[in-house]
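Below is the structure I would like to discuss, written out as structure tokens.
The values are calculated or read from the model by the stated rules, or taken from the named source; none is laboratory data. Note that the coordinates shown come from a computational prediction; the quantities given were computed from them, not determined experimentally. Counting neighbours? That spans all protein chains shown, and the Cβs are built from the backbone with ideal geometry, glycine included. Surface areas here come from the heavy atoms of the whole protein model, side chains and all, with no ligands, DNA or RNA. Shrake-Rupley method; radii C 1.70, N 1.55, O 1.52, S 1.80 Å.
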Amino acid sequence: MLSYRHAYHAGNHADVLKHFTLYTVLNYYNQKDKPYWYIDTHAGAGLYDLHSSEANKVGEYQQGIARLWAAHRLTPKERPENYHSADKGQPENHHPAAQKQPENQQPASLAAFAQFAQTLAAHEAMTQLYAGSPLWAAQLLRPADKLRLFELHPADFALLQDNLHALRLGKRAIAKQEDGFAGLISLLPPATRRAVVLIDPPYERKQDYAQVVHTLRDALKRFEQGCYMVWYPCLSREESHTLPEKLAKLLPDNHLRAELHVHAPRADGFGMHGSGMFILNPPYILDRVLREALPELARLLAQDNGAKFILNSQIR
Ligand code: SAM
């Protein structure tokens, strides 16, 4: 049974960490001429209305992207000068290294990210939007790059198709209403021999933890050089604690683990106090960019004095 809907969580602290990491990796991949594939095993709907009843049931985005926008003095109605809609061409180079340090001395990479999220949010007349991972990728990939997306939920799949259609990507972007774990394996190795993969399950089912490890083991056998990015929740439950160790064993000499905890674990063990990104074959710049941005993210998104970050990397 599929009960998870990302519309309730869009733009929260976990999305900020995940999409900031994705944004950094895709910009890095864009620096080399050779085309690549972006594979999203759990794509979601692609675009979320932050004024919807779902988003405002708890209002998680208020503790996430809204804090980042406020820190960079961006409001949802502001449209940056370098805005490009999908049919006007590709966005400008948003590689963190290409950005100037903003006036308020926030890390340049975070300022660029906050502004790019705003660019996506300010699309056309709809000014309260937040992009999901497929739309971050759709706006960052170049014309020769391809998107391959999987989403099982019928309603979110229909929304995803509509959102992709609006961007007029044609066959560059193919979405399937299929299991993303099996879908990933069916695509490897990609013809271009370059790929960024995002694995972002809801972890509602305990089996998702084991399935992530099992799928990645298989994926590495088929395509060892891919950049695999896994999002995971930081919870009190054991599977969430042991997942990073299991992922590290898959590629002991080339991985990066980044966690952002926004509050201390609750005494009753309930709820998500943070989340992590685990990357196999990370681009070399990722460690540097996160080392600069995570302290600021932990400060900006802190909900109590248990907020902190973890960054470990083993780079070949
Ligand atoms: N990656 C999205 C983003 O960053 O915007 C959010 C994805 S959300 C956390 C997880 C999604 O996975 C949900 O929309 C859910 O319906 C979908 N899902 C759950 N199990 C799946 C499976 N086995 N294969 C593909 N999609 C699945």
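Of the residues 111, 66, 70, only one is away from the ligand (no atom under 16 Å from the Cβ), modelled with pLDDT under 95, surrounded by 23 or more Cβ atoms within 10 Å (Cβ to Cβ) and not in a strand (DSSP E or B); which?
Numbers: 66 fails: surrounded by 23 or more Cβ atoms within 10 Å (Cβ to Cβ); 70 fails: surrounded by 23 or more Cβ atoms within 10 Å (Cβ to Cβ).
One residue alone meets the criteria, 111.
Which residues, taken from region 266-284, are in contact with a Pro (Cβ under 8 Å, 6 or more places away or on another chain) and open to solvent by 10 Å² or more (accessible area, probe 1.4 Å)?
Scanning region 266-284 gives 272, 273.
On to the next question. Starting from residues that are free of Cβ contacts under 8 Å to residues at least 60 places away in the same chain, away from the ligand (no atom under 16 Å from the Cβ) and not in a helix (DSSP H, G or I), keep the ones in region 192-236 and report whichever is farthest from residue 259 (Cα to Cα).
Out of the qualifying residues, it is 193.
If a residue has to be closer than 10 Å to residue 23 by Cβ and either at pLDDT 95 or above or assigned to a loop (DSSP other than H, G, I, E, B) (or both) to count, how many in region 89-108 make the cut?
2
Have a look at 290, 286 and point out the one that is under 20 Å from the mean Cα position of the chain (by Cα), outside any loop (DSSP other than H, G, I, E, B) and under 24 Å from residue 63 (Cβ atoms).
290
Just give me the residues in region 136-154 being outside any loop (DSSP other than H, G, I, E, B) and closer than 23 Å to residue 18 by Cα, in sequence order.
Within region 136-154, 136, 137, 138, 139, 140, 146, 147, 148, 149, 150 meet the criteria.
I would also like to ask the following. Could you run through region 236-254 and say how many residues are within 24 Å of residue 221 (Cα to Cα) and of a type in the set (Gly, Ala, Ser)?
So the count comes out to 1.
Out of the residues in region 150-190 meeting the condition of being of a type in the set (Gly, Ala, Ser) and at pLDDT below 95, tell me which one is surrounded by the fewest Cβ atoms within 10 Å (Cβ to Cβ).
Among those that are of a type in the set (Gly, Ala, Ser) and at pLDDT below 95, it is 170.
Which of the residues that make up region 13-47 are farther than 20 Å from residue 181 by Cβ, open to solvent by 10 Å² or more (accessible area, probe 1.4 Å) and within 12 Å of the ligand (Cβ to nearest atom)?
47, the sole residue that qualifies.
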